[in-house]
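The structure under discussion appears below in the form of structure tokens.
The values are calculated or read from the model by the stated rules, or taken from the named source; none is laboratory data. Every value quoted in this text rests on a predicted model; they were computed, and no experiment measured them. All Cβ positions, even for glycine, are placed from backbone atoms using ideal geometry, and neighbour counts span all protein chains on display.
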Amino acid sequence: MKNPLFTILKTGIITQSGLFPDLPDDANGLPNVTSSLCLGNDCNLCAKACPTNAITVAKNAVTLDRGLCIGCGNCLEVCTSGTIVQDRSTRTAVRAREELLLTGQAKANVVPTNPRLPFRRSLHIREVSTGDNASDLEVLACTNAIFDIARFGVHVVASPRFADALLVTGPVGRAMQEPLLRCYEAMAEPRIVIALGTSAISGGLFRGGYAEANGLSDLLPIACYIPGDPPHPWSIIHGILLAMGRL
């Protein structure tokens, strides 16, 4: 068996030093809306191709709701006007739900209503999964040596009584709503909630079904939204640092 210390010294530091790099060319990011003129209702192919109704077309204007978008890429394949394009940025998290609505027109900055909280130096997170294993795996990836979220003072804890933030993944079906609320009530003030992934934000593909899996929006006050299905680890770290007030 090789000497583990020798292996570590030979490998060197593998933690990424540059924060929030763009995704590589072989990776799919979320779609974005440009100012290119849309064919509007004469085309409407993007809205028809979207499985979660994340796209609406009014006259010649396209609105994309990243809170509903699962990043399938169907809209990118059918858009011929260049109105919808690939966005490889990992800085996708926002503080207000309205900021997830993208159009080709510039709009005023949305002022978040969340109070300033004392989490700039460290944050203890209790994750609750309500049925999104893909997002859970990306959260786990945030703790590996490449991303190393612990260097930002962020740690995952087992009990809500030791947690400052509730990180929720999955569409929050009816059977998980009461356990989630009990977990939130067990947390001491001040506390914040982070919705991680499209399912947690809106329910995604499960929205409107018999299980009432419509995400977190009507259950708890959300301090940060991290879109994607699932989000990239850098997008997750971006959202957590945004919720801490460090960005």
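With Ile240, Ile226 as the choices, which residue is touching a residue at least 60 places away in the same chain (Cβ under 8 Å) and touching a His at 6+ places or on another chain (Cβ under 9 Å)? Outline the logic, then answer.
On the way: Ile240 fails: touching a His at 6+ places or on another chain (Cβ under 9 Å).
Only one candidate qualifies: Ile226.
For region 142-150, the condition holds for at least one residue, the condition being that it is over 23 Å from Ala188 (Cα atoms) and within 15 Å of the chain's Cα centre (by Cα).
For region 197-214, state whether one or more residues are closer than 20 Å to Pro118 by Cα and either under 16 Å from the mean Cα position of the chain (by Cα) or free of Cβ contacts under 8 Å to residues at least 24 places away in the same chain (or both). Walk me through it before giving the result.
Kept after step one, since they are closer than 20 Å to Pro118 by Cα, are these residues of region 197-214: none.
No, every residue in region 197-214 fails to be closer than 20 Å to Pro118 by Cα and either under 16 Å from the mean Cα position of the chain (by Cα) or free of Cβ contacts under 8 Å to residues at least 24 places away in the same chain (or both).
Number of residues in region 48-60 that are modelled with pLDDT of 85 or more and closer than 14 Å to Ser81 by Cα equals 1.
How many residues are polar (S, T, N, Q) and closer than 25 Å to Thr11 by Cα if we restrict to region 122-176? Spell out how you get there, then give the answer.
Let us first name the residues in region 122-176 that are polar (S, T, N, Q), namely 122, 129-130, 133, 135, 143-144, 159, 169.
From what's left, closer than 25 Å to Thr11 by Cα: 143-144.
The qualifying residues number 2.
Summed over region 197-215, the residues that are closer than 13 Å to Cys69 by Cβ, touching a helix residue (DSSP H, G or I) at 6+ places or on another chain (Cβ under 7 Å) and part of a helix (DSSP H, G or I) give a count of 3.
If we keep just the residues of region 1-34 that are at pLDDT 80 or above and not in a loop (DSSP other than H, G, I, E, B), which is surrounded by the fewest Cβ atoms within 10 Å (Cβ to Cβ)? Across region 1-34, the extreme among qualifying residues is Asn32.
Within region 130-151, track down each residue that is of a type in the set (Asp, Glu) and out of contact with any Pro (no Cβ under 9 Å at 6 or more places or on another chain). Within region 130-151, Asp148 is the sole residue that qualifies.
Can you pull out the residues in region 136-185 that are hydrophobic (A, V, I, L, M, F, W, C) and on the phi > 0 side of the Ramachandran plot? Within region 136-185, Val172 is the sole residue that qualifies.
Close contacts from region 51-65, counting a first residue that is within 21 Å of Gly204 (Cβ to Cβ) and a second that is of a type in the set (D, E, K, R), with Cβ to Cβ under 6 Å and a gap of 6+ residues or different chains, come to Ala54/Asp65.
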